[in-house]
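Working notes for the structure below.
The values are calculated or read from the model by the stated rules, or taken from the named source; none is laboratory data. A quick note: this is a predicted structure, and the numbers were derived from the prediction, not measured. Note that each Cβ is placed from the backbone with ideal geometry, even for glycine, and that neighbours are counted across all protein chains shown. Note: accessible area is taken over every heavy atom of the protein model, side chains too, but ligands, DNA and RNA are not part of it. Shrake-Rupley method; radii C 1.70, N 1.55, O 1.52, S 1.80 Å.
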Amino acid sequence: MEEREGEVRWDGLCSRDAAARDAALDTIGQAVLRRAESIASGAAADGLPVPAARDGLGEALARLLMLSKRCPFRDVREKSQAILGGVQELGIRIPRPLGHGPSRFIPEKETIQVGKEDATMHTLFAESFATLGRLDNVTLVMVFHPQYLESFLKTQHYLLQMDGPLPLHYRHYIGIMAAARHQCSYLVNLHVNDFLHVGGDPKWLNGLENAPQKLQNLGELNKMLAHRPWLITKEHIEQLLKTEENSWSLAELIHAVVLLTHYHSLASFTFGCGISPEIDCEGGHTFRPPSVSNYCICDITNGYHGVDEIHGSPAGIIPVSSTESVCEVEALMEKMKQLQECRDEEEASQEEMATRFEREKRESMFVCSSEDEESAATRDVSRHFEDTSYGYKDFSRHGMHVPTFRVQDYSWEDHGYSLVNRLYPDVGQLLDEKFHIAYNLTYNTMAMHKDVDTSMLRRAIWNYIHCMFGIRYDDYDYGEINQLLDRSFKVYIKTVVCTPEKTTKRMYDSFWRQFEHSEKVHVNLLLVEARMQAELLYALRAITRYMT
């Protein structure tokens with residue numbers, strides 16, 4: 001397919017064949033240098049100073065910068081760098097990256113460097129690049145957990161690119177709608193590019209009201225799934241399936257629901273791990289030269305600061321001594337041991353278990369962050385959805401009740417899985433595998449301790465998230481949650497799951513201070529999958545009720 005940058009075609013770079021990539025890069029290099037020479041000679045003839053990249057050249061140069069830093073194929077990295085050097089020799093300013101690494105929360109030196117990955121990771125990177133045409137920052141952070149990443153990429157590839165009920169451009173537009181609910185410009189930008197690449201109508205990007213009525217009708221379900229999924233009823237499903245010429249089929253609706261929940265939860269991961277803008281997207285590069293202190297005033301006003309400021313102590317937080325943090329880990333391990341002993345000695349009655357669940361659910365409504373102020377959706381993103389004031393916190397502030405959803409009555413394993421698999425073959429299986437990997441993933445470590453059984457802690461995190469959505473497991477003692485999850489951790493969990501756009505580095509730094517970044521990323525995988533499953537349970541239960 002022809003790219004928007006004129007005659008520059010990028011498709012050949014995704015080939016696993018080195019000769020095909022080489023040929024594609026030769027063509028790209030010639031096209032870019034031809035355009036650069038034209039701009040440079042035009043400026044020289046007019047007696048103008050160093051010309052700026054224009055006529056689509058800027059986008060091509062930003063993409064080459066991304067390839068020079070983020071492509072898993074060494075030949076592409078080196079040749080992209082050489083093309084940029086050739087453009088610079090013509091007197092045209094080339095871009096440089098902004099920010100430091102794939103995450104604003106994790107120091108770049110602690111992430112996997114492209115070109116220095118082991119064979120297993122290289123295979124994953126090459127697969128991701130061949131599929132998406134990029135190695136994105138989400139992948140570079142998720143690769144802390146290769147087993148999960150492999151399952152995630154396989155599922156996402158199936159949802160976006162394999163045979164399915166919805167056309168390709170609808171899939172990316174639904175991704176935009178879902179990410180926009182949380183003002184996640186990172187995901188919106190990626191899918192705007194993908195939407196146009198598969199032939200989507202640019203007019204739809206001017207606002208949801210410019211998209212087909214069928215997609216507009218999905219807006220209400222998108223809103224409720226993202227913020228208050230317990231309000232979804234079979235009547236909402238019926239409305240979508242029976243709207244004359246704009247109706248959805250059951251298979252299409254299942255595909256749409258899985259996409260919406262996938263991107264709501266991926267927005268949580270994006271904010272929860274502080275994912276940086278992609279190098280070739282807005283906010284990921286600049287054409288301005290670096291100043292003496294390595295950043296200029298324009299960077300500061302856009303929120304890009306020096307390395308020390310980004311990775312130093314968050315403002316207002318007094319650094320915690322390592323002794324204090326070690327005590328925090330020891331105390332948590334001691335609580336786990338005591339709870340296990342109590343479990344073995346006595347079991348609470350069903351009435352007491354129900355009371356503890358209701359208490360935890362009620363308390364979770366009032367867990368809120370100190371940074372909990374209004375954050376206006378940027379015009380750029382808010383146009384992709386309606387009713388910008390609708391959010392999670394509105395109901396909790398006004399004391400509205402979240403009904404209890406008993407997993408014994410409707411569960412993923414017994415009900416949701418088979419419904420998805422029946423209407424959208426293989427997807428139920430892919431989701432099930434991804435849920436299980438996230439839930440069961442363990443390296444039997446906690447900070448500096450080895451040979452630790454972390455199953456109790458993982459279950460507490462998963463069940464706390466489901467508790468916030470009103471979902472109850474009859475066989476779980478919710479009293480354990482308060483023992484294992486302290487307030488700063490609960491604030492982080494609730495923010496990332498319910499209002500991810502409000503997540504700050506301060507929140508990320510303030511929980512589990514002695515734990516590795518890989519362990520905090522693991523927490524985010526649990527948050528992503530527990531949230532996605534919670535949303536799916538409510539939507540699939542409503543679809544089941546409609547069908548019966």
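Some notes on this structure:
- Considering region 402-453, the residues that are touching a residue at least 40 places away in the same chain (Cβ under 8 Å), in contact with a strand residue (DSSP E or B) (Cβ under 9 Å, 6 or more places away or on another chain) and within 30 Å of residue 341 (Cβ to Cβ) include one that is surrounded by the fewest Cβ atoms within 10 Å (Cβ to Cβ), namely 408.
- Condition met for residue 115 (at pLDDT below 90, out of contact with any strand residue (DSSP E or B) (no Cβ under 8 Å at 6 or more places or on another chain) and either in a helix (DSSP H, G or I) or not hydroxyl-bearing (Ser, Thr, Tyr) (or both)): no
- Residue check for residue 530: within 30 Å of residue 349 (Cβ to Cβ), part of a helix (DSSP H, G or I) and either touching a Cys at 6+ places or on another chain (Cβ under 9 Å) or open to solvent by less than 10 Å² (accessible area, probe 1.4 Å) (or both): yes
- Condition met for residue 215 (touching a residue at least 24 places away in the same chain (Cβ under 8 Å) and either within 25 Å of the chain's Cα centre (by Cα) or open to solvent by 50 Å² or more (accessible area, probe 1.4 Å) (or both)): yes
- Flag if residue 131 is touching a residue at least 12 places away in the same chain (Cβ under 8 Å), assigned to a helix (DSSP H, G or I) and in contact with a His (Cβ under 6 Å, 6 or more places away or on another chain): yes
- Flag if residue 236 is open to solvent by less than 20 Å² (accessible area, probe 1.4 Å) and modelled with pLDDT of 90 or more: no
- Annotation: residue 122 fulfils all but one of (1) touching a residue at least 40 places away in the same chain (Cβ under 8 Å); (2) within 17 Å of residue 70 (Cα to Cα); (3) assigned to a loop (DSSP other than H, G, I, E, B); (4) open to solvent by 20 Å² or more (accessible area, probe 1.4 Å); the unmet one is (3).
- Region 172-212 - residue that is among the polar types (S, T, N, Q) and more than 21 Å from residue 276 (Cα to Cα) and, of those, surrounded by the fewest Cβ atoms within 10 Å (Cβ to Cβ): 206
- Residue count, region 101-119 (criterion: touching a residue at least 60 places away in the same chain (Cβ under 8 Å) and either open to solvent by 30 Å² or more (accessible area, probe 1.4 Å) or of a type in the set (Lys, Arg) (or both)): 2
- Within the set 263, 304, the sole residue that is modelled with pLDDT of 90 or more, within 25 Å of the chain's Cα centre (by Cα), surrounded by 15 or more Cβ atoms within 10 Å (Cβ to Cβ) and hydroxyl-bearing (Ser, Thr, Tyr) turns out to be 263.
- Count of residues meeting criterion [of a type in the set (D, E, K, R) and without any contact (Cβ under 8 Å) to a residue 12 or more places away in the chain] in region 59-98: 2
- Residue 513 being open to solvent by 20 Å² or more (accessible area, probe 1.4 Å), in contact with a helix residue (DSSP H, G or I) (Cβ under 9 Å, 6 or more places away or on another chain) and in a helix (DSSP H, G or I): no
- Filter result for residue 162 (more than 18 Å from residue 248 (Cβ to Cβ), open to solvent by 30 Å² or more (accessible area, probe 1.4 Å) and either in contact with a helix residue (DSSP H, G or I) (Cβ under 6 Å, 6 or more places away or on another chain) or hydrophobic (A, V, I, L, M, F, W, C) (or both)): yes
- Considering (1) on the phi < 0 side of the Ramachandran plot; (2) out of contact with any helix residue (DSSP H, G or I) (no Cβ under 7 Å at 6 or more places or on another chain), the lone condition that residue 207 does not fulfil carries the number (1).
- Just one of the listed residues (404, 388) is among the hydroxyl-bearing types (Ser, Thr, Tyr) and either under 25 Å from the mean Cα position of the chain (by Cα) or at pLDDT below 55 (or both), and it is 388.
- Filter result for residue 521 (touching a Lys or Arg at 6+ places or on another chain (Cβ under 9 Å), open to solvent by less than 10 Å² (accessible area, probe 1.4 Å) and at negative phi): no
- Here residue 448 passes the criteria (1) on the phi < 0 side of the Ramachandran plot; (2) modelled with pLDDT of 90 or more except the one numbered (2).
- Flag if residue 147 is in contact (Cβ under 8 Å) with a residue 24 or more places away in the chain, crowded, with 19+ Cβ neighbours inside 10 Å and among the polar types (S, T, N, Q): no
- Hits in region 418-438 - residues which are in a helix (DSSP H, G or I) and on the phi > 0 side of the Ramachandran plot: none
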